[in-house]
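Working notes, beginning with the structure itself.
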Amino acid sequence: MLSLDVTLAYPNFTLAIRETIPASGLTALFGRSGSGKSTLLRVIAGLDPRATGRIAWNDTVWQDGPQFTPPHKRGLGYVFQDTRLFPHLTVAKNLAYADTRARGLPGPSLGDIITALDLAPLLSRYPSTLSGGEQSRAAIGRAMLTRPEMLLMDEPFAALDAARKAEILPYLERLRDQIGTPILYVSHNMAEVARLATNLMLIDAGRITHHGPIEALLSDPNVAPALGLREAGSVIEAILTRHEDDGLSQLATSAGALLLPHVNAALGSRIRIRILAQDVMLSRSRPTGLSALNILPATVTDLRTGDGPGALVQLQIGTDRILARITRRSATALDLRAGVDCFAILKSVSVAQGNIGAMPPRAL
């Protein structure tokens, strides 16, 4: 694991982090602009030697008092917001540069990376001829071919429009699931985080406020205000079981069948679905005569109200937990409280394609 106990003080801002980051999966560092996300990545990489404290990777200490390992000896890959590809080299030569420098180190082969990121069609091209998404894939591939202990990614898709971002996210899922290099991924886009992360750290004003498995944090009503209520939601696992003739796909969840717009994956695939709290309606009895196709039995496990008119209801559906965002008036009218049985109602079309992704492998 990566162990952090570091401080970096500026005149109007102090970063103070004491955390451990797992050496597996994708850990997302999420927070609003100015919260300290990129600053923390620079400290981990050794790019800001003014930071004080201790940083260790497993049993190797990178920084502690006078001891300071320079960036190029920390074994980290770094993907910046701008791709920083060598403009005078083709994609093949950009990749070969990293591959040659890291020769002899354990990690993915050149062929592994070309396959995972589908770079073969791009090898003979120069960076200036690539789209933004293609440049990002090439930059990630070059960083991975340094055979890093961990890959640091600083909002690598911030400059991409929604369509280009949708194209590249499946490649990052493949990298997460097939290559095995741990990734620390900075973002202020919760849709990306919910799709990609196995672990989530929330940062605010230079401090980590919450840290844990993403399924647990996103379904916790007490964490939702830190994410933003419009972003509140949860992720659940499903198995793709059938493609219907009318363009819908059926998925098996722990609570029952779920119908969504066509899911572009093979039957039997494990799928991660992000369900926004604002898209979940509740009923104390099983409703009839609705256009909504998904009606799942649920039990209230928690309810949180604030100063406004809203309420967040945590629900157990099968073995998963989701959130519903309703009004306090509705919560009172339905007499919702922990232990109450009800039904969660979800329109099929409310789940956008960007909220459907590949489920990462289960930890052993």
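Bear in mind these aren't lab numbers, they're just calculated from the coordinates by the rules spelled out. Fair warning: this is a prediction, and the values are worked out from it, not measured in the lab. Reconstructed Cβ throughout: ideal geometry from the backbone, glycine too, with neighbour counts over all protein chains shown.
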Fraction in percent of alpha-carbon pairs per bin - 5 Å, the stretch 78-174 = 2, 15, 26, 27, 20, 7, 1, 0
Using every alpha carbon pair in the chain, what percent of pairs falls into each 20 Å bin from 0 up to the bin containing the largest distance?
-> 27, 53, 19, 1
Rounded to a whole number of µm²/s, how large is the Stokes-Einstein D of the stretch 233-358 at 10 °C and 1.306 mPa s, given Rh as the Kirkwood radius over C-alpha pairs?
-> 107
List the aspartates and glutamates whose alpha-carbon lies under 18 Å from that of Lys347, not counting same-chain residues fewer than 8 positions away?
-> Glu231, Glu237, Glu244, Asp246, Asp279
Once the in-chain neighbours fewer than 8 apart are removed, the lysines whose Cα is under 27 Å from Lys93 read Lys73, Lys165
From the Cα centre of the stretch 256-295 to that of the stretch 126-170, the distance in Å is 32
Would you kindly calculate the translational diffusion coefficient of the stretch 2-218, applying Stokes-Einstein with the Kirkwood radius from alpha carbon pairs, for 25 °C and a viscosity of 0.890 mPa s, and quote it in µm² s⁻¹ without decimals?
-> 138
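For Cα pairs less than 8 Å apart in space and 6+ apart in sequence, what is the mean separation divided by the residue count of the stretch 144-242, i.e. the relative contact order in percent?
20
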Simple spin-label estimate for Ile239/Thr319, 7 Å along Cα→Cβ, in nm, reads 1.1
What's the angle, to the nearest 10 degrees (0 to 90), between helix 132-144's Cα axis and the longest principal axis of the chain?
-> 60
Points 7 angstrom from Cα along the Cβ direction at Ile179 and Arg18: gap in nanometres?
-> 3.4
With r as the distance between the Cβ atoms of Ser283 and Asn222 and R0 = 25 Å, compute the FRET efficiency 1/(1 + (r/R0)^6) and round to 0.05.
-> 0.50
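Just from its helices, what would the mean residue ellipticity at 222 nm be for the chain, if runs of 4 or more DSSP H residues each count -39500 (n - 2.57) and the sum is divided by every residue, rounded to the nearest 500 deg cm²/dmol?
Dividing the helical sum by the residues of the chain leaves -5500 deg cm²/dmol.
How high is the relative contact order of the chain, in percent, with contacts defined as C-alpha pairs under 8 Å that are six or more residues apart?
This gives 16 percent for the chain.
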